Every structure is written in C-alpha cells, then in structure tokens.
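Colleague: Quick one: structure below, then a few questions.
The values are calculated or read from the model by the stated rules, or taken from the named source; none is laboratory data. Predicted model only: the values in this text are computed from it and were never measured. Side chains are part of the model used for accessible areas, which takes the heavy atoms of the whole protein and leaves out ligands, DNA and RNA. Shrake-Rupley method; radii C 1.70, N 1.55, O 1.52, S 1.80 Å.
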Amino acid sequence: ARWREAYQADPASLEANQKLGGIYYSLKLRDKAIPFLDKAAELDPKAASKEGPWTLLAAAYINAEKGEYARARAQSEAFLTALPDDPEVPQMRYYLGVAFYHTKEDERARAEWRTILEKFPGSAWAEKARRALELKPKGE
C-alpha cells in the first residue's frame, strides 16, 4: 500500500515506479509490472539509481517477451551504454539480439550473440546465444 500511495501522490516518482514494478514482477504479474518498469526506465535511462540496472533488465525482458521489440531494444541499448561492465551484460546482449532478430535485422542479432560467445563464453547466456545462432534468418 505504501508504494501505491507514493505513486498516486506522484506518478513521476522513480522510486515508486521501480518498487511497484518490482513487486508486480516478483509476483509474476508482468502485465501489471511493465507500465511501472517502463516509466522507471524512462525516468532513469542511465540506470544511475540503485534499482536502475534491474529496472532496465526487467523491462527489456518483459518487452521482448511481449513482442515489444523496439522498446526492448531501446532499454537493452540504454543498459549497455550506461553499464558496460555490469555482470548482466551477456543477458542484455542476448535480449538485444532477440529484438534485432524479430525486427529482421539478422546480422545485428547474430553480431550480438557472437559477442556473447567471444566475450562471455562461460556465462549462462553463451549456450542460449549458441542456440540462437542456429535459427533461420527472419529476413529470408
């Protein structure tokens, strides 16, 4: 109730949007989470706040899952620009590749997935990238 009240008092509150998005996300209510996560990502595009990296990561994931590839792409790129050394970089590169793939930018998708294999071969995302590289190009 606290964060709902904070949001109602100030819908542009970064913290309220992050917290409500996080609560709904943890409850697996992604359709309810995404408006708050998108707003938080918009308010903190450089992920400078404590919850900023997680917010961009969750928003990109949900948007990719929902087929909102342009939004997932923008959020993934914002994360990678703001946090190039973050441990979640392989995951964001994977989602960025997914967004490129589904918008028929096959070469850009494959470049992202190859980068995961080259720079993060031991990451959990390397196997996903390897499998993604086996997909038939969407542009065909």
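Colleague: Under a 10 Å cutoff between Cα atoms, tell me which one of Ala41, Ala109, Ala82 has the largest fluctuation in the Gaussian network model of the chain.
Modeller: Per the Cα network of the chain with a 10 Å cutoff, Ala82 tops the list.
Colleague: Given a 1.4 Å probe and every protein chain left where it sits, what share in percent of the accessible area of the chain is carbon and sulfur?
Modeller: Carbon-and-sulfur percentage of accessible area, whole number: 50.
Colleague: Give the accessible surface of the chain per residue, rounded to a whole number of Å², with probe radius 1.4 Å and ligands, DNA and RNA excluded.
Modeller: Heavy-atom SASA per residue in the chain reads 55 Å².
Colleague: While we're on this one: Kirkwood hydrodynamic radius, computed over distinct alpha-carbon pairs, for the chain: how many Å, to one decimal?
Modeller: 15.3 Å
Colleague: Another question, if that's okay. In the Gaussian network model of the chain, springs joining C-alpha atoms below 10 Å, which of Pro87, Pro121, Pro45 carries the largest mean-square fluctuation?
Modeller: Looking only at Pro87, Pro121, Pro45, the biggest GNM fluctuation is shown by Pro87.
Colleague: At a Cα cut-off below 20 Å, give the lysines reachable from Lys138, other chains included and same-chain residues fewer than 8 away excluded.
Modeller: Qualifying lysines at Cα under 20 Å: Lys66, Lys104, Lys128.
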